[in-house]
Structure formats: C-alpha cells, structure tokens
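The values are calculated or read from the model by the stated rules, or taken from the named source; none is laboratory data. Nothing here was measured: the structure is a model prediction, and the numbers come from that model. In this analysis, Cβ positions are derived from the backbone assuming ideal geometry, glycine residues included, and neighbour counts consider all displayed protein chains.
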Amino acid sequence: MKIISVDNFDREQLGASDDKLIADHVDAYYVDTIVAALNATYSGDHAARFFKAVPDNYVLREYVP
C-alpha cells in the first residue's frame, strides 16, 4: 500500500492540488495506524493536506490546467 498526501479541500490549483507520495510498499497491517497518526499530528479540519492509504497501483493525481 501507499500513503499519500492530498489537498484537504480538493482545490484545483497549480502545485497545491497534486498528490504527494509519503511512503511506498507499506504493509497493510500497519497502514491504517500510520495514516491515523499522520492525520492526528499533521492534519485537521483546517489543514491544507490530508493523508490517506491507497493501493500500490494507484496513480498520483497531478493538476494540469
């Protein structure tokens, strides 16, 4: 599994809307705990970024105007 950082407000802004890879090939047993810890520490209702787990074959979203 991958852990990625996404725009918390789903904006379409150049550079701000791109998904960012945080970790790759994370064991499925640990991924939910890591994502929860990242969101509790670095994210929140008004934070610009949100962390989530996605499958290994997920293609990172890149905003192209």
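Of all residues in the stretch 14-35, those that are surrounded by 10 or more Cβ atoms within 10 Å (Cβ to Cβ) have Cβ atoms under 8 Å from Cβ atoms of residues that are among the β-branched types (Val, Ile, Thr) and in a loop (DSSP other than H, G, I, E, B), 6 or more apart or on another chain, in 34/26. Out of the residues in the stretch 38-65 that are in contact with a strand residue (DSSP E or B) (Cβ under 9 Å, 6 or more places away or on another chain) and among the hydrophobic types (A, V, I, L, M, F, W, C), state the one that is modelled with the lowest pLDDT. Selected residue: 48.
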